[in-house]
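Structure record follows, encoded as structure tokens.
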Amino acid sequence: MHFQGQRYLTRGVQTAIPFELQFFMWSLIDQLPEPKDYFQVFKLTVQDGKQHISHESEQPEYHKEYNIDTANSVTAKIYVIDNDTHCTMLLAEEY
């Protein structure tokens, strides 16, 4: 089972991504059925004034998109990686 360990955010995520979006992405991972890929990818963009979130993984293949209302929409690519002892949410450029 993936994503059961301690959860961490990089400084980039803490600075650039509003808490509500961090929480939303963690909850999307929590809702995934098993088995879960250890490497989750989120692409955040702004579409029609809403936060657009594309969530994907490779094994098993998964893709879903969301449009949510938020006060602070952002554009970023985020990775969430599980290494069995802890899980880290980081900006793609921090990888």
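A short reminder: the numbers here are calculations on the coordinates, not readings from a lab. Just so we're clear, the structure is a prediction, and the values are computed from it rather than from any experiment. Positions of Cβ are generated from backbone atoms using ideal geometry, with glycine treated the same way; all protein chains shown enter the neighbour counts.
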Exercise. How large is ³J(HN,Hα), in whole Hz, for each residue of the range 30-42 in order, when computed from phi with the Karplus curve 6.51 cos²θ - 1.76 cosθ + 1.60 and θ = phi - 60°, using x for Gly and Pro?
Worked result: 4, 7, 5, x, 7, x, 10, 5, 5, 10, 10, 10, 10
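State which stretch of the chain is the longest one without any exposed GluC sites (Glu not before Pro), exposure meaning a DSSP loop state and at most 15 other Cβ atoms within 10 Å.
Numbers: sites that count: E58, E61.
That would be 1-57.
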Exercise. What whole-number value in cubic angstrom gives the convex hull volume per residue for the C-alpha atoms of the chain?
Worked result: 88 Å³
